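These notes are about the structure you will find just below.
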């Protein structure tokens, strides 16, 4: 393997670690905030399920990342490294400020920006870009809608129940957390798999885009490790700042988020777990009353989501140019 591929592999796995670290808040914020599970216990449960996800639900998202946005012939090691470095930088910035931005947006923006600077805008496949952006844009809307109606249904079914019903919702979050972590691992870990497999294809190590088992294992391991470490700054944002989350909110929002993310993974559409879970939490809260939700927090999130793809694209373009200057070959 060339030194460029070794760098790509290291940066890819570091990005995967950051993805788990950054997005762990999406998985564990509600059970922690609603006191359903102890923080360390829920993080380890989520990490185990994150690892299992890619093995259980296939690699359709990796194929979309690897071949859906651009022809692999337009991709070089420099393009891939620039995309990853830009995504890593943006993830670190948003983590530091506690902004729940999207790792998916960052990686896709980075890949698009690096390809455009390298091969021109015509190198981007319009159909693939439309599929990816449609999934990214529609998924948070679905999160609010599904979270809202599922909360209404749950409130209807639980009408007249005694406060003991909170015990059911609290204990049930063990299973909803496991399901949500499975769906996250099935979707998000595949994005790194797609990049590494593209690198192998560029190297000539493989003849067609087929994700090797060792790539699945390595990517699943790193996202699980990142999840186990936990991004506490973001957990506080999702678990406490939007509104005071009770067990019923955690139960509903996790079912809503898991169903949307898993459906997207099976379809092969990369979605943002951050967006889906944030919007599901808001949908569940607004079903009780609109004033319950601190909507200005949602505004901050939307601004971060809107900015992530263009900023990552610009960052990747700059990094690509710098890499070509430093390493002309």
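Summary table below
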| quantity | calculated |
| --- | --- |
| Residue satisfying condition, being under 13 Å from residue 185 (Cα atoms) and at pLDDT below 80, within set 227, 273 | 273 |
| Options 127, 87; residue that is surrounded by 24 or more Cβ atoms within 10 Å (Cβ to Cβ) and part of a helix (DSSP H, G or I) | 87 |
| Residues within region 193-219 that are closer than 22 Å to residue 45 by Cα and surrounded by 24 or more Cβ atoms within 10 Å (Cβ to Cβ), tallied | 1 |
| Residues (farther than 17 Å from residue 18 by Cα and modelled with pLDDT of 85 or more) located in region 174-199 | 174, 175, 176, 177, 178, 179, 182, 197, 198, 199 |
| Residue within region 138-148 that is surrounded by fewer than 20 Cβ atoms within 10 Å (Cβ to Cβ), free of Cβ contacts under 8 Å to residues at least 60 places away in the same chain and more than 30 Å from residue 11 (Cα to Cα) present | no |
| Enumeration of residues in region 60-75 that are surrounded by fewer than 20 Cβ atoms within 10 Å (Cβ to Cβ) and assigned to a loop (DSSP other than H, G, I, E, B) | 71 |
| From 257, 250, residue being in contact with a helix residue (DSSP H, G or I) (Cβ under 7 Å, 6 or more places away or on another chain), at pLDDT 80 or above, under 22 Å from residue 303 (Cα atoms) and in a helix (DSSP H, G or I) | 257 |
| Test: residue in region 45-59 that is modelled with pLDDT under 75, in contact with a helix residue (DSSP H, G or I) (Cβ under 8 Å, 6 or more places away or on another chain) and assigned to a loop (DSSP other than H, G, I, E, B) | yes |
| Residues satisfying the stated conditions in region 41-59, i.e. under 24 Å from residue 168 (Cβ atoms) and either surrounded by 23 or more Cβ atoms within 10 Å (Cβ to Cβ) or in contact (Cβ under 8 Å) with a residue 12 or more places away in the chain (or both) | 42, 43, 44, 45, 46, 48, 49 |
| Answer from 118, 104 - the residue that is in contact (Cβ under 8 Å) with a residue 12 or more places away in the chain, part of a helix (DSSP H, G or I) and more than 19 Å from residue 193 (Cβ to Cβ) | 118 |
| Qualifying residue in region 23-30 (condition: in a helix (DSSP H, G or I) and surrounded by fewer than 24 Cβ atoms within 10 Å (Cβ to Cβ)) | no |
| Odd one out for residue 98, checked against (1) more than 25 Å from residue 206 (Cβ to Cβ); (2) modelled with pLDDT of 85 or more | (2) |
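The values are calculated or read from the model by the stated rules, or taken from the named source; none is laboratory data. None of these values were measured; they are calculated from a predicted model. Reconstructed Cβ throughout: ideal geometry from the backbone, glycine too, with neighbour counts over all protein chains shown.
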